[in-house]
Every structure is written in C-alpha cells, then in structure tokens.
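The structure under discussion appears below in the form of structure tokens.
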Amino acid sequence: MLIKTRCFGEVEISDDKIVEFPEGILGFEELKRYTLIYDVKENGEKAKIAWLQAVDEPELALPVINPFEVKKDYDPVINETLMKDLGDVNSENAVVLLVVTVPSDITKTTANLKAPIIINSDIRVGAQLIAENRNYVVKYPIIKNDDKGEK
C-alpha cells in the first residue's frame, strides 16, 4: 500500500505494518490506522525518534521514542481494564512508545510519560493509555541540562 506522508513523501508499506487503534489516539480519535516510520541514519542505524504516521491523514505524524531512551526505570502502571482491547500483551509482543513534543527551542523537547502508546505487535492493535503513576508527567524533559542522565 502506498501512503502519503508530510515528512517522507510517498511511502510503500505492507498491510502487516499497519496498527489499528480502535479508540484512536488522544486528540485524534477519528484516525484509527497508523504505521511506524523510522528515519535511518547514513550508517544504517535507526534514529532514536520514530514517527507514528496516520495512514489516512498525510499531515499527521507524531514523533515517538522508546521510553527507556528517556527514563531508564520507566514502568507505567496501567489499569488492566484499559488493556483488554490489546489482547494478551507480554514482554515479547509489547511495543511501548512515548509521544515527543519538539518546541521551537529544541532544548525544551519533552516526552509524555503519562500517556504511553502500547502496541500488541502480534495482533497489530494499539492504544494510548493513561499511566496511574502519580510521578509521571505529560512534559518530561528529554534533554538534560548536564546531559548526564536522569534529572
């Protein structure tokens, strides 16, 4: 399937790379189908930030990152009732991502620890869920002042 994207132009993706979000994503509830697009560096290595691209809306691509790149001890507590639509999620099939916000001053880039995106890669179903952890914030700074790890 050929999809149009704002950041990458036209991209060919196979149907098995499409993830269904039955409830959509917060703020974009009407869009249900997404795919992950990775920017690959010249050395062939994937960039740390990927793009969660809406299949049916070329203008919507959310920057996302592996939470362990941001917070080594990330361990969201999610209500099991909210997880039911994702099927049997386990450490082998779970893909967990955080939405990144990049303001004009990129040193103030943040990740949303409070609402991770969780994907069951076996059945290609995802959801953005709210973590019950009280200490997780919506705007967690990614770039540290001293660039030496956790704040």
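Structure notes:
- Filter pass, residue 130 being in contact with a strand residue (DSSP E or B) (Cβ under 6 Å, 6 or more places away or on another chain), among the β-branched types (Val, Ile, Thr) and modelled with pLDDT of 95 or more: no
- Scanning region 100-126 for residues that are surrounded by 14 or more Cβ atoms within 10 Å (Cβ to Cβ), of a type in the set (A, V, I, L, M) and farther than 18 Å from residue 75 by Cβ gives 100, 123, 125.
- Only listed residue being under 16 Å from the mean Cα position of the chain (by Cα) and more than 20 Å from residue 26 (Cα to Cα), chosen from 96, 40, 70: 70
- Residues satisfying the stated conditions in region 16-36, i.e. in contact with a Lys or Arg (Cβ under 9 Å, 6 or more places away or on another chain) and under 18 Å from residue 1 (Cα atoms): 16, 17, 18, 19, 20, 35, 36
- Pair list, Cβ < 7 Å and 6+ apart or interchain, from region 76-92 residues that are surrounded by 14 or more Cβ atoms within 10 Å (Cβ to Cβ) to residues that are of a type in the set (Ser, Thr, Tyr) and not in a helix (DSSP H, G or I): 76/136
- Filter pass, residue 97 being of a type outside the set (Val, Ile, Thr), in contact (Cβ under 8 Å) with a residue 40 or more places away in the chain and under 16 Å from residue 51 (Cβ atoms): yes
- Members of region 120-142 found to be part of a strand (DSSP E or B) and within 19 Å of residue 61 (Cβ to Cβ), listed by number: 126, 127, 128
- Residues that are among the charged types (D, E, K, R) and in a loop (DSSP other than H, G, I, E, B) within region 1-22 comprise just one, 6.
- Cross-chain or 6+ apart pairs with Cβ under 6 Å, region 1-12 first and more than 14 Å from residue 57 (Cβ to Cβ), then outside any strand (DSSP E or B) and aliphatic (A, V, I, L, M): 1/13
- Residues of region 37-68 classified as among the aliphatic types (A, V, I, L, M), under 17 Å from residue 3 (Cα atoms) and without any contact (Cβ under 8 Å) to a residue 60 or more places away in the chain, total: 7
- Residues that are loosely packed, with under 13 Cβ neighbours inside 10 Å and not basic (Lys, Arg) do not occur anywhere in region 48-55.
The values are calculated or read from the model by the stated rules, or taken from the named source; none is laboratory data. What you see is a predicted model; the values in this text were computed from it and never measured. Virtual Cβ from ideal backbone geometry, glycine too; neighbours counted across all protein chains shown.
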